[in-house]
Amino acid sequence: MRRVHHKIDYLGTLLLSAAATSLILLTSLGGTTYAWASAPIYILGILGVLLIVAFVFAERYAAEPILPLHLFKTRVFSVTSVVGFIVGFGMFGAITYLPAFFQVVRGISPTISGVYLLPLMAGLLIVSIGSGQVISRTGRYRFFPIAGTALTTVGLFLLHLMGVHTPTYLDAIYMLILGMGIGGVMQVLVIIVQNGVPHSELGVATSGATFFRSIGGAFGTAIFGAIFANVLVGNLASHLHGVRLPSGFSSADATPALLNKLPAVVHAGFVAGYAESIQTVFLVAVPIAFLAFLASWLIPQVELKQWPEPSAEAGAPEGATAIPEGAMTVPGATVSAEVLDQPGPARTMVSPESLDPQDATRDT
């Protein structure tokens, strides 16, 4: 046992959080609340860049940085972080609109719209579990992120084909393909980064990879939200043919119950414009997912680390002699005769009275 005094990187944590917040606010508010060419957006962009620069300088001189910069010199960590960011960007940003699509376009309840997502989750679980079994047996993992990002790209392209009259079974097939692609990427990237860094940096590397994937999802959700909001206005005007929506009706609050109260012509036009806007979101996500596919080819294949098997005695190192339960007593510190009779190196018997209490406690 040894006690180590750690220094928490409060400055790095603060700068990283502030930089991420500034950039997410920029992508969330740009094009919706504020115009892209407006003062608040410029301020958020400049502030985000300055905070990132300050974070890099802070991490260079921090005793125990929250995100050690030397990790980015490791090809495994840097590439998996890029792939995770892009996958999070395209995946989370696009999938967010699937429940809205089913509720507004298909007119089903929020609960049933969640049930409609089961094919996506089934594909994710099957490939995620299967890839783990294959990797543990073969030690080869490079194939899965490449195939996973390819399937994700294809799945997003197929989702953009989902329209008002697409059969439900095709929806399920499209989501199954997307789920299989996600299952081949998300968890495998964590395995890859854990295998490619020293054991002492296992925690920070894992959390770093997860952070980049999460921040990519946050950016994707915000940017795709801005895209959706902008194209929705034009699509609704095109499909409604100049017919105005009832006063007090907002596209952001559209539910199956409210839509059913609209006149048939307005209802059909609104649903068609809404579906086309979500199709645009899925289509924009396709080239982003393709970038992740290209980046996944840069992931190196590193031999999986082999961890030693535990010995028969719980936690005992190989070749060590385990002391039977109850053999040691306090304060006499006696050892049972069975242990003393076992063959092994010569032993020196020390009287407990001759030991310093603090030394005895430490050695124990």
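Miscellaneous remarks
- Gyration tensor (alpha-carbon) shape descriptor, region 34-140, a/c threshold 1.5: oblate
- Ellipsoid semi-axes for region 1-57, based on the Cα gyration tensor and the rule √(5λ), read 34, 11, 5 Å when sorted largest first.
- Among Ile112, Ile227, the order of accessible area from largest down is Ile112, Ile227, computed with a 1.4 Å probe on protein heavy atoms.
- Each listed q (0.14, 0.21 Å⁻¹) maps to a log10 I(q)/I(0) for region 97-241, found by the Debye formula over equal Cα scatterers with no solvent: -0.81, -1.35.
- Solvent-accessible surface (1.4 angstrom probe) belonging to Arg75, in square angstrom, nearest 10: 130
- Centre separation in Å (Cα based) which lies between region 1-59 and region 76-117: 25
- Relative counts (whole %) of C-alpha pair distances in region 156-256, using bins that are 10 Å wide: 11, 25, 29, 19, 11, 4, 0
The values are calculated or read from the model by the stated rules, or taken from the named source; none is laboratory data. Because the structure is predicted, anything quoted here is derived from the model rather than measured. When the accessible area is computed, the model is the full protein with side chains, heavy atoms only, and any ligands, DNA or RNA have been set aside. Shrake-Rupley method; radii C 1.70, N 1.55, O 1.52, S 1.80 Å.
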